[in-house]
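This report refers to the structure that appears directly beneath it.
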There are 2 protein chains.
Amino acid sequence: MAADHPEWAAQQPYKAVLENDMETIKKSGMKGIGQLLMTTHAEITTEEFDTDVKKWVNTAKHPTKNVGYDKLVYQPMLELLEYLRANNFKTYIVSGGGVDFMRAFVTEIYGIPSEQIIGSRIKTAFDNNDGNPKITRIAELDFIDDKAGKPLAIQKIIGKKPVFSSGNSDGDLQMMQWTSSNKYKSFMLYVHHTDSLREWSYDRDSHNGKLDKGLDEAIAKGWTVINMAEDWKVIYPFELKRK
Amino acid sequence: MAADHPEWAAQQPYKAVLENDMETIKKSGMKGIGQLLMTTHAEITTEEFDTDVKKWVNTAKHPTKNVGYDKLVYQPMLELLEYLRANNFKTYIVSGGGVDFMRAFVTEIYGIPSEQIIGSRIKTAFDNNDGNPKITRIAELDFIDDKAGKPLAIQKIIGKKPVFSSGNSDGDLQMMQWTSSNKYKSFMLYVHHTDSLREWSYDRDSHNGKLDKGLDEAIAKGWTVINMAEDWKVIYPFELKRK
């Protein structure tokens, strides 16, 4: 978008992005990040946004892993999803990520259709537009699908209590608690990022994906906790092809 | 609920309900109706609400038709839903009605699972409640699934544009417009209530379910309009049993 906004060369937080200056971006905090998200994710139609995200997925590379972001998925997660569906489970993604952002590529990767993808949302507006109707994304938050928001979204959109849920941060804890209260047998699964070599290692002190209260409750209640370093022979699907 | 609220005997709009005084209820307008809805539909858990609605469906009778409300469904609509599903359509209800209200009985009647029921919502709150988590309904509107709200909800929750939509009021018009803009072939179907003998007859001047702009646009664009009096041999399923 920078070509249409020459003023960004001198204006934060845009300047920092254009200069790949991660320190300044981090210092801009939630306010700066929010401004970047709204600028890049709003004031366009849902169709235009979908096209933009698909283009990004097909071109962007992870700065240190040097592969596309769609390659950085977990092989054990793909196998689990397939196993659940083979046993007549209906699989959903319930993520803090933006729902329309995920929909642009998640179906192809995880085999989960758009109506089974639940996420955070900004507001939208409908305009009949003289017979060429469009839905436009508005630069205002509608719903944050995190923490208590997850069981609330599950109740709003699905209307059933899960029998199985899996997550990797404190943002998933309330969804786990809701799942564990199912009158049927239920399964709660936490992924603990412990592999600093093949992936990343973080938990209680991390600013992103903090896993602290969730880990305590999982241990106290005997929920299953995956130790990535020890339990996963393979992390990324591309490791399989190298063998 | 009146047994726990003796003060309602002297307090509107509750007094009017207890005395079955429809004129006073109508005069209380949207404010009064809203107050009644919030009082009866909020400050309880989603499970309690589900139990309450099921009890109501199993006991309440329509004042003039003298049958349960769950009997006042359309036989041609049931047949259409079955026909669509037999041809691999995924069928949804997208209604102005409350989503959790509908979920208590709609699945059994229409064969539509809870996750394919979209409706209006009040706000909710999650409480882990010392390990017995509950979701409580809050007396505040969250989303009205009517007019422009319908295509917006379809995009938010389903994330795909319909190829078929049907409705009976101006509240469905934007959903029809959105459907008609599908790049694939699409089908827009309006039900026109023209049968004052077997059902009801109303359209442009009705306070409930007004069909005015929608009828004009359907005629102008060649959408299918069902004339209930002329086109439907049978309206209610119970007519079939009488034959």
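The values are calculated or read from the model by the stated rules, or taken from the named source; none is laboratory data. All figures in this text were calculated on a predicted structure; none of them were measured in a lab. Virtual Cβ from ideal backbone geometry, glycine too; neighbours counted across all protein chains shown. SASA here: full protein model, heavy atoms, side chains in, ligands and nucleic acids out. Shrake-Rupley method; radii C 1.70, N 1.55, O 1.52, S 1.80 Å.
Each other copy holds its own label point for B:Thr40; taking that point as 7 Å from Cα along Cα to Cβ, the gaps run 5.0 nm, nearest first. Taking all Cα pairs closer than 8 Å and separated by 6 or more residues, the relative contact order of chain B comes to 14 percent. Net charge of the neighbourhood of A:Val53, taken over other residues with C-beta under 13 Å away and scored Lys/Arg +1, Asp/Glu -1, is -3. Comparing Cα centroids, region B:215-243 and region B:143-214 end up 15 angstrom apart. Say the cut-off is 23 Å between C-alpha atoms; which of B:Lys61/B:Lys147; A:Lys185/B:Lys134; B:Lys183/B:Lys233; A:Lys27/B:Lys123 go over it? Over 23 Å apart, Cα to Cα: B:Lys61/B:Lys147; B:Lys183/B:Lys233; A:Lys27/B:Lys123. The rotation axis taking chain B to chain A passes closest to this chain B residue's Cβ, listed with the gap in Å: B:Ile157, 3. Once C-alpha pairs closer than 8 Å and six or more residues apart are averaged by separation and normalised to the residue number of region A:1-124, the relative contact order reads 17 percent.
Taking only the Cα atoms of chain B, the ratio Rg/Rh comes out at 0.97, with Rh defined as the Kirkwood radius. Residue ranges A:79-91, A:214-226 sort as A:214-226, A:79-91 when ordered by packing (mean number of other C-beta atoms within 10 Å per residue, highest first). Over region B:153-243, the Kirkwood radius and the radius of gyration, each from Cα atoms, give a ratio Rg/Rh of 1.03. With the helix formula -39500 (n - 2.57) applied to DSSP H stretches of n ≥ 4, the protein assembly as shown reaches a computed 222 nm mean residue ellipticity of -10000 deg cm²/dmol. Summary for A:Thr224: label point 7 Å along Cα→Cβ; distances to the equivalent points in the other copies, ascending, 4.7 nm.
Close amide H contacts of A:Trp200 (hydrogens built in the peptide plane, cut-off under 5 Å, sequence separation of 5 or more or a different chain): A:Asp195.
Probing with 1.4 Å while keeping every protein chain in the model, the per residue accessible area of chain A equals 56 Å². So in chain B, what percent of DSSP beta bridges are antiparallel if you round to the nearest 5? Roughly 45 percent of the DSSP beta bridges within chain B come out antiparallel. When the surface is traced with a 1.4 Å probe over the full set of protein chains, B:Met1 keeps roughly 120 Å² accessible.
Amide H to amide H, with H built 1.01 Å from N, B:Thr124 comes under 5 Å of B:Ile138, counting only residues 5 or more places away or on other chains. Beta bridges assigned by DSSP with both partners in the protein assembly as shown are antiparallel in approximately 45 percent of cases.
Working note: Debye formula, equal point scatterers on the alpha-carbon atoms of region B:38-82, no solvent; log10 I(q)/I(0) at q = 0.21 Å⁻¹ is -0.82. Distance distribution P(r), region B:25-121, all Cα-Cα pairs, bin width 10 angstrom from 0: 14, 38, 35, 12, 1 percent. Alpha-carbon geometry of region A:140-180: the Rg and the Dmax are 10.1, 33 Å, given in that order. Normalised by the number of residues in region B:70-198, the mean separation of alpha-carbon contacts (under 8 Å, six or more apart) gives a relative contact order of 16 percent. Cα centroids of region A:59-129 and region B:55-79: 41 Å apart. Between the helical axis of B:75-86 and the longest alpha-carbon principal axis of chain B there is an angle of about 70 degrees. For the protein assembly as shown, a Kirkwood hydrodynamic radius built from all Cα pairs, placed in the Stokes-Einstein relation at 25 °C and 0.890 mPa s, yields a translational diffusion coefficient of 96 µm²/s.
With the gyration tensor restricted to C-alpha atoms of region A:190-242, the semi-axes of the equivalent ellipsoid amount to 23, 14, 7 Å, longest first.
Label-to-label distances for B:Thr107 across copies, nearest first, come out at 2.5 nm, using points 7 Å from Cα in the beta-carbon direction. Computed from Cα positions, the angle between helix A:29-41 and the longest principal axis of chain A comes to roughly 70 degrees. The mean number of partner chain beta-carbon atoms within 10 angstrom of a residue's beta-carbon across peptide A:150-158 is 6. Legend: mean number of C-beta atoms from other chains within 10 angstrom of residue C-beta atoms, peptide B:126-136, equals 5.
Please state the shape class of region A:68-108: rounded when a/c is under 1.5, otherwise prolate if a/b exceeds b/c and oblate if not, all from the C-alpha gyration tensor. Since a/c reaches 1.5 but b/c is at least a/b, the shape of region A:68-108 is classed as oblate. The residues packed around B:Met228, meaning those with a beta-carbon under 14 Å from its beta-carbon, carry a net charge of -4 if Lys and Arg are +1 and Asp and Glu are -1. Across peptide A:1-12, the mean count of Cβ atoms from other chains lying within 10 Å of each residue's own Cβ comes to 0.
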